[in-house]
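For reference, the structure is listed below as structure tokens.
The values are calculated or read from the model by the stated rules, or taken from the named source; none is laboratory data. Just so we're clear, the structure is a prediction, and the values are computed from it rather than from any experiment. Here Cβ is always computed from backbone atoms with ideal geometry, including for glycine, and neighbour counts include all displayed protein chains.
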Amino acid sequence: MYTIGQVAKFLGMTRDTLKFYEEKELVKPKQDDTNGYRKYNHFDIYDVVTINFYREIDIEIKKIQDIRRSKSIEELAYLLEEKEQQVLEEIAYKNLLLKRIQHVKADCQKVKQYLGKYMIKEMQPLKVTGEITDLAAHDEYDILQNNPDNLKQAVTLTGLRRVIKFNAEGIIGDRFIIVRKVEDINDDIEGEVLTYPKCIYTIIENGRWSTNGKNMDDQVEESLRRVASQKGYELLGLVFVNMIITTYEEGLERVFLEIYSPIK
């Protein structure tokens, strides 16, 4: 027979945890009538070890109480299947979270490397999955929830692209499309797929910190025309805008936009 202090010591637990288990009737050591101390026998220790195992795999106290009262093998297996599914969902979320963190880190590197510079780059294929009226159409954001890159219930804008159309006279319209990346262009994909092997590529800064809230569209268009003219490129009259990072300075947002403008 062992005292609560002895059990706590060799199982690496606190006395308070053992007392908590006793309060929840998960373990029921007998009380010594001579001194009132609780004494743990080897069956009680089995109970504590088992409870610790269930706690380590994140089984709730109430469900452990149910198991403690009586659970058949079938019922226990079902409970564990439920927990397994929950863990798999958590792993999937953590993997998505890790992927998003890595993408944002890569975007930070992009900003340092390409901000204000112009080069020729391929725009990776994108499948169009929807469209919203404009960036401020918050009541339409539910369509963004279908984006597989979303983190839980948060609406993220990683799958949103602004498409600006222009001609010789200037900008003639724009729209906001919802896209997802196409991993293999050879796959049989239904619907509209955007793919441009040659684009003028750059990253610009927007937001109130750098522009004081002024619209940058005409300035971006002018810069693209200038670069195309200098290099002898022919623009297709499209600009794809992807917001990659937002940060803040002096309380004002700094928004970094990735620009693809297809050329012939």
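Figure legend. Inter-residue proximity from the range 144-165: first residues within 15 Å of Ala92 (Cβ to Cβ) and among the hydrophobic types (A, V, I, L, M, F, W, C), second residues at pLDDT 70 or above and not in a strand (DSSP E or B), beta-carbon distance below 8 Å, spacing 6+ or different chains. Indicated pairs: Leu151/Tyr93; Leu151/Leu96; Leu151/Leu97; Leu151/Arg100. Looking only at residues in the range 10-52 that are part of a helix (DSSP H, G or I), touching a residue at least 40 places away in the same chain (Cβ under 8 Å) and out of contact with any strand residue (DSSP E or B) (no Cβ under 8 Å at 6 or more places or on another chain), the one that is farthest from Gln86 (Cα to Cα) is Leu11. Residue-level analysis places Glu192 among those that are among the acidic types (Asp, Glu), closer than 20 Å to Arg161 by Cβ and surrounded by fewer than 16 Cβ atoms within 10 Å (Cβ to Cβ). One residue alone among Leu236, Leu224, Leu257 is crowded, with 18+ Cβ neighbours inside 10 Å, under 20 Å from Arg161 (Cα atoms), more than 30 Å from the chain's Cα centre (by Cα) and among the aliphatic types (A, V, I, L, M), and that residue is Leu224.
Scanning the range 53-76 for residues that are basic (Lys, Arg) and touching a residue at least 12 places away in the same chain (Cβ under 8 Å) gives Lys63, Arg68. The number of residues in the range 169-210 being polar (S, T, N, Q) and either assigned to a strand (DSSP E or B) or in contact with an Asp or Glu (Cβ under 8 Å, 6 or more places away or on another chain) (or both) comes to 3. For the range 192-226, taking the residues that are aliphatic (A, V, I, L, M) and touching a strand residue (DSSP E or B) at 6+ places or on another chain (Cβ under 6 Å), the one that is farthest from Val111 (Cα to Cα) is identified as Val193.
For the range 51-67, a residue qualifies if it is touching a Lys or Arg at 6+ places or on another chain (Cβ under 9 Å) and within 23 Å of Tyr2 (Cβ to Cβ), and the qualifying residues are Ile51, Tyr54, Ile64.
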